[in-house]
1. What is the distance in Å between the Cα centroid of segment 1-62 and that of segment 70-115?
2. What ranking do 72, 178, 52 get, fewest neighbouring Cβ atoms within 10 angstrom at the top?
3. Within segment 1-28, list the residues whose amide N lies under 20 Å from a label point set 7 Å along Cα→Cβ of residue 170.
4. Let's test this: bin the Cα-Cα distances of segment 2-150 at 10 Å from zero up to the farthest pair and state each bin's percent.
5. Once you have the Cα-Cα distance between residue 80 and residue 182, take 0.36 nm times their residue separation minus that, and quote the gain in nm to one decimal.
6. Using a 10 Å cut-off on Cβ atoms, rank the peptides 3-9, 21-27 from the highest mean neighbour count down.
7. Taking amide H atoms as placed 1.01 Å from N in the peptide plane, list the residues 5 or more away in sequence, or in a different chain, whose amide H sits under 5 Å from that of residue 22.
8. Calculate, for residue 1 and residue 99, the FRET efficiency according to 1/(1 + (r/R0)^6) with r their C-beta to C-beta distance and R0 22 Å; round to the nearest 0.05.
Amino acid sequence: MIPVNVDQLFYSNMGFVVLLKGGTDKRSLPIFIGATEAQAIAIQINRIQVPRPMTHDLLKNILDYLECRLKRLEICDLKEGTFYARLVLERDGIEMDMDSRPSDAIALALRFGAPIFVHEKVMEEAGQVLGEVEAGGFEGPVEGKKQGKKKLTPLESVKMELDKAVSEERYEDAAKLRDEIKHMENTHTKN
């Protein structure tokens, strides 16, 4: 297994991407994730304080209460373009594995400070050697023309997702994103 860290989180022309990179391995593992999971990861990376626990915070609080520890996260498989992850938990000296989506597992591992690993076979199949993310072809649309990736703040990422939802006439999603932007702006002005 290859130990990795969250290297970058950004918005590309295909959606949100979390980029995992090892310290000694030259390869990076890009995983496309949903807006909600990107937000959960961004909030933890940027240490944004939220007034009430979000889903991943709640799960961490429950596991802490039950004295169950997250030992590690393993990105363990890739089937038909879908990544699979496993949370390795420990309670009373007994280890147990839980299946998880990588995006949720990463958000939880960051909250626990748990190590993240990628199985070698997954890195062989999907890992990419990237000097900069631009070299990997991840680009964000800017007024319809191709442009190199710009590292966005979590707020900018959610605003881009809002624009996309409106353009695709997904108004229910747009309303949720609008509310999240208001919440993020209010939280940011308080800090």
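Since every read-out is calculated from the coordinates, none of them should be taken as a lab result. Everything quoted here is computed from the prediction, not taken from an experiment. Using ideal geometry, Cβ is built from the backbone for each residue, glycine included, and neighbour counts are taken over all protein chains shown.
1. Going from one Cα centre to the other spans 13 Å.
2. Details: 72 19, 178 16, 52 6.
Result, fewest neighbours first: 52, 178, 72.
3. Under cut-off, by backbone N: 9-19.
4. Result, from short to long distances: 11, 39, 34, 13, 2, 0 percent.
5. Difference between extended and current length: 33.0 nm.
6. Order by mean packing, descending: 3-9, 21-27.
7. When sequence neighbours closer than 5 places are left aside, the close amide H contacts are 5.
8. After rounding to 0.05, the efficiency reads 0.80.
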